[in-house]
Amino acid sequence: MITKCSKVQDGYFNFDIYADIYDKTRKLPEHVPFLIDLFLSKLSSSKNLRILEIGCGTGMILDLLFDKITGNYLGIDISHRMLKIARERCFVAMTDVFQADSYFLPFREDRFDLVLAIRTIHLLEKWKQAINEIKRIIAPEGRLVIITGGFGKNFIGSSPILKEYLRIREDEFGMPLHIYGADYPDLTRYIEEIGGFVETIKIKHSRRVNLKTFFYEHRNQQHTWTKQLPKNLHDRVMDKLESFAIQKYGSLDVEEKFKSKITLGLIKLKK
């Protein structure tokens, strides 16, 4: 049986618990700005766009967009604490952020030319409902852009230390990793089922992580999937994992290579 994180409410992972440390611990991967430039280059125009960002968080993407597009930007998020930080970034005319539910978007039909869901779709348990709402509020010639990656078992098992984490968690404690929302192949299949078209661009990415840093972050549960276990069980998993790492490497002052894929989906939804 899968035990879900207590911070998942109404099908969301609520980032209120991370708001104060989010910008320090969630720097955008270097490929995200490149992918944003790529999808903007594929739009017929980047002028006078009506833009909605779903899961805008603290406003990192707004920082990347404000000098590249013109028009009206609205960002929504379920976390009021993240939005408080985002509002400090909204110094550009025609921008606003507010709390809203992506499963019941408070907008009329055909409202937006461009909808962004960047590093968000994997956190929405009712992701099909969210896609249907996006289809309703997006203009007939509008585009949905999804950037995802670095989540799920393909990432969690991408290095020896992470593979051992999964083994300890599942084999010894019977707590499989819970995937909150959609993996990209599931998303693509559903978009095509409802008559949409998906152009996919994938970038393979790897980075070297110092294990001292890794254990500091994960013992302090600075990443969403570490919140899935009760604290006492999480601590036991990390104790066993640290013993494994020291036995394997002799020290935590070493680096491991973590692999992931960043995926860009340029999506046209049939109206």
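Some points to look at:
- Taking all Cα pairs closer than 8 Å and separated by 6 or more residues, the relative contact order of the chain comes to 21 percent.
- Sum of -39500 (n - 2.57) over DSSP H runs of 4+, divided by residues of the chain (222 nm, nearest 500): -9500 deg cm²/dmol
- Annotation: extensible slack from His205 through Lys27 equals 62.6 nm (criterion: 0.36 nm per residue apart, minus Cα-Cα distance).
- Each peptide among 103-109, 178-184 gets the average number of other Cβ atoms lying within 10 Å of its residues, and from highest to lowest they stand as 178-184, 103-109.
- Relative to the dominant Cα principal axis of the chain, helix 231-249 is inclined by about 70°.
- Residue-span extension gain [Ser44 to Asp235] - 0.36 nm each, minus C-alpha spacing: 63.6 nm
- Contour excess over end-to-end distance, with Cα ends at Gln247 and Phe104 and 0.36 nm allotted per residue: 46.4 nm
- Violating pairs (Cα-Cα greater than 27 angstrom) within the set Lys42/Lys163; Lys24/Lys231; Lys126/Lys202; Lys128/Lys240; Lys202/Lys240: Lys42/Lys163; Lys128/Lys240; Lys202/Lys240
- One compactness figure for the range 8-268 is 1.05, namely its Cα radius of gyration divided by 2.2 N^0.38 Å.
- Residue exposure sequence - Thr188, Thr148 - by fewest surrounding Cβ within 10 Å: Thr188, Thr148
- Net charge of the neighbourhood of Arg143, taken over other residues with C-beta under 9 Å away and scored Lys/Arg +1, Asp/Glu -1, is 0.
- To the nearest ten degrees, helix 184-193 and the longest principal axis of the Cα atoms of the chain are 30 degrees apart.
- Counting only alpha carbon atoms, the long axis of helix 31-42 and the longest principal axis of the chain meet at about 20°.
- Summing Cβ point charges (Lys, Arg +1; Asp, Glu -1) relative to the Cα centre of the chain gives a dipole of roughly 320 debye.
Read-outs throughout are calculated quantities, based only on the coordinates presented, and are distinct from any laboratory measurement. Keep in mind that what you see is a predicted model, and the values were worked out from it rather than measured. All Cβ positions, even for glycine, are placed from backbone atoms using ideal geometry, and neighbour counts span all protein chains on display.
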